[in-house]
Amino acid sequence: MSLIDEAASVDAFKDVPVIDLSHIFSDDPSFRKGLVSQIRDACIRVGFFYGNLSNLTVSNVVRHGLTELWRSLVSNHGIPEEVIAYVLAGAKQFFALPLETKMEIENKKQPNFKGYSPLLSGNNDPYGAGDLQEGFEFGWEALDDQKGVQDESISGAMTGANVWPSEAAVTGFRNAALTYYHAATKLGKALFPLFAEALDQRPDFFHDKTQHSAALMKFLYYPPQLGPVDDRVIGIGAHTDWECFTILWQEPGIQALQVLNSEKQWIDAPPMSGTLVINLGDEFARITNGIFKSTVHRAINRNGVERYSIPLFFGVDYNTKLEPMPSCVSTDRPFEHEVITAGEYIKSRLAATYNHK
Ligand SMILES: O=C(O)CCC(=O)C(=O)O
Ligand SMILES: [Fe+2]
């Protein structure tokens, strides 16, 4: 079936599919075909899936540089290990700092909203009254032992360096955060060829558009929300993500994330051991003219305990134009957006969310 016909024939999903990514690096056509077809179905029908990494072979994990990420997810006692443990400890320490210390790196003072966003400062749902979360956002930066400096010319509309709390305030925070960032972006880079094949393109279709890791990582802290709740103030209001896809780590054991289907039912997407949630965003929806779904979701923390989550929003390079693929456009299915660059799009969404005057 063509992409356009397939997109026209989908029913409301009732759950978020789980896709085994053990063969993510396999060139064996039988494995590859099966995986691509599951990803295509999830992207067209749901816009969300759980990527199960727990059965990856150790040799593949090592060869493709996923060790830190994999060991963060896969443990035999369900407790996050290694990098995630450091990241989580650092995030907890950071969010526990006095407000005035955190406000020294407030996102509204930075050119592109990197840094700290206080409680209720963002509003992802225009019908909401603010998101009940605190955040800390940062983008690509070389680790101390890596070569490379940030080339600002490639960041286009999204130019702007990261800001960090002082090393004295949260020891090891920057290093732990960047280590996890680099591990998660490696997984992101391995996913682009699969998405390309799911769109009937060559595996390297996105290669020239993903040279620079246009990816933002955000640490999120959600206080518990108990008692009567104003529906307009929840952890993060109903929204779509903005980049191509998000790789989301959720704190184990705490249900908060929900995904909206076409019958307006909220479907729970609880954390699942050995997996990361992968969901598509607006850049992919634009590039595919709506064939890949950028699905509405929200998070509500009614669990009586604090909750942390870590999305990595991975887009095409900021200077790439968000144009539709010709195979996704027809006379019945015209493209209805202005063509702008990815950087311009992300910047405009950040400004709208934080109401920056
Ligand atoms: O915290 C979560 O589970 C979801 C976060 C989210 O949807 C976002 O930051 O875009
Ligand atoms: Fe989201």
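The values are calculated or read from the model by the stated rules, or taken from the named source; none is laboratory data. Since we're looking at a predicted model, the values are computed, not measured. Glycine gets a Cβ as well: all are built from the backbone with ideal geometry, and neighbour counts include every protein chain shown. Only protein heavy atoms, including side chains, enter the accessible area calculation; ligands, DNA and RNA are left aside. Shrake-Rupley method; radii C 1.70, N 1.55, O 1.52, S 1.80 Å.
Things to note:
- Tail weight of P(r) past 25 Å, computed on alpha-carbon pairs of the chain, percent: 52
- Each Lys and Arg contributes +1 and each Asp and Glu -1, all at the Cβ; summed about the Cα centre of the chain, the dipole is approximately 240 debye.
- Candidate residues VAL259, VAL339: accessible-area rank, largest first, probe 1.4 Å: VAL339, VAL259
- DSSP beta bridges fully contained in region 3-353 are about 90 percent antiparallel.
- Scanning residues 5 or more positions from ARG307 or on other chains, those with amide H under 5 Å from its amide H are TYR222, with H placed 1.01 Å from N in the peptide plane.
- For the chain, the solvent-accessible area works out to 43 Å² per residue, with a probe of 1.4 Å and every protein chain left in place.
- Whole-percent pair-distance distribution, where bins are 5 Å wide, for the alpha carbons of region 235-341: 2, 12, 19, 21, 17, 12, 9, 5, 2, 1, 0
- Top of ASP332, ASP144, ASP282 by mean-square fluctuation, Gaussian network on the chain, Cα under 10 Å: ASP332
- Residues ASP41 and LYS109, FRET efficiency given R0 of 41 Å [Cβ-Cβ distance, rounded to 0.05]: 0.40
- Coordinate range of the alpha-carbon atoms in region 151-190 per principal axis, descending: 32, 25, 12 Å.
- Residues ALA190 and ALA142, FRET efficiency given R0 of 22 Å [Cβ-Cβ distance, rounded to 0.05]: 0.60
- Projected onto planes of every orientation and averaged, the convex hull of the alpha-carbon atoms in region 176-217 covers 2.9 nm².
- Most mobile listed residue (VAL170, VAL58, VAL296) in the chain, GNM with C-alpha springs under 10 Å: VAL58
- Under conditions of 25 °C and 0.890 mPa s, region 1-63 yields 189 µm² s⁻¹ as its translational diffusion coefficient, taking Rh as the Kirkwood radius over Cα pairs in the Stokes-Einstein equation.
- Positive dipole terminus of the chain, leading residue within THR246, ILE39, TYR86 (C-beta point charges): TYR86
- Label positions at ASP208 and ASN355, each projected 7 Å from the Cα along the C-beta direction, are separated by 4.3 nm.
- Entries in LYS102/LYS347; LYS114/LYS209; LYS264/LYS347; LYS14/LYS264 that, when Cα-Cα distance is taken, lie over 18 Å: LYS102/LYS347; LYS114/LYS209; LYS264/LYS347
- Computed over protein heavy atoms with a 1.4 Å probe, the carbon and sulfur contribution to the accessible area of region 3-353 reaches 53%.
- Other residues with beta-carbon under 12 Å from the beta-carbon of GLY237 carry, at +1 per Lys or Arg and -1 per Asp or Glu, a net charge of -2.
- For region 8-121: Kirkwood Rh in Å [reciprocal of mean 1/r, alpha carbons]: 17.8
- Size descriptor for region 132-263, Kirkwood hydrodynamic radius: 17.8 Å (Cα pairs only, one decimal).
- When you filter the trypsin sites (Lys or Arg not before Pro) in region 237-313 for DSSP loop state and at most 16 other Cβ atoms inside 10 Å of their Cβ, you are left with LYS264, ARG302.
- Taking only the C-alpha atoms of region 194-294, Rg followed by Dmax gives 16.1, 52 Å.
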